[in-house]
Amino acid sequence: MDLLSALNENYLMLVPALWVLGFALKQTPKVPNWSIIWILTILSLGLAVFAYGFNVDAITNGLVAAGVAVYGHQLVKHSILSKNNNNKQ
């Protein structure tokens with residue numbers, strides 16, 4: 001199952017917004033790395049509930065949007081790191 005297909009199209013705009021927020025948080029020295037995923041999850045849920053109301057659909061899609069953003073970032077990060085490590089050997 002494709003994770004993006006599980007995400008309602010109205011929530012797709014959350015994914016790039018969460019990527020930008022995650023990047024900004026990563027550059028902030030006082031924010032520990034372990035807390036970034038929690039901050040993004042809470043922001044995603046808050047934005048989804050604010051935009052679409054407090055219901056199961058908003059909560060589910062807010063969580064999926066956060067998951068897609070974090071998973072997508074990790075996928076890109078590890079693909080690039082793996083490629084760079086292979087080129088050094």
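The values are calculated or read from the model by the stated rules, or taken from the named source; none is laboratory data. These numbers come from a predicted model, not from an experiment. Cβ: placed from backbone, ideal geometry, glycine included. Neighbour counts: every protein chain shown. Note: areas computed on protein heavy atoms with side chains; ligands, DNA, RNA excluded. Shrake-Rupley method; radii C 1.70, N 1.55, O 1.52, S 1.80 Å.
Name the pairs whose Cβ atoms lie under 8 Å apart, with the first residue in the stretch 51-72 and of a type in the set (A, V, I, L, M), the second loosely packed, with under 15 Cβ neighbours inside 10 Å and outside any helix (DSSP H, G or I), and 6 or more positions between them or separate chains? As it stands, the answer is 65/12, since those pairs meet every condition given.
So that you can scan it fast, the table gives a plain yes or no per residue for (1) of a type in the set (Lys, Arg); (2) under 15 Å from residue 20 (Cβ atoms); (3) open to solvent by less than 70 Å² (accessible area, probe 1.4 Å):
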{"residue": "36", "(1), (2), (3)": "no, yes, yes"}
{"residue": "39", "(1), (2), (3)": "no, yes, yes"}
{"residue": "47", "(1), (2), (3)": "no, yes, no"}
{"residue": "55", "(1), (2), (3)": "no, no, yes"}
{"residue": "58", "(1), (2), (3)": "no, no, yes"}
{"residue": "65", "(1), (2), (3)": "no, yes, yes"}
{"residue": "70", "(1), (2), (3)": "no, yes, yes"}
{"residue": "73", "(1), (2), (3)": "no, yes, no"}
{"residue": "79", "(1), (2), (3)": "no, no, yes"}
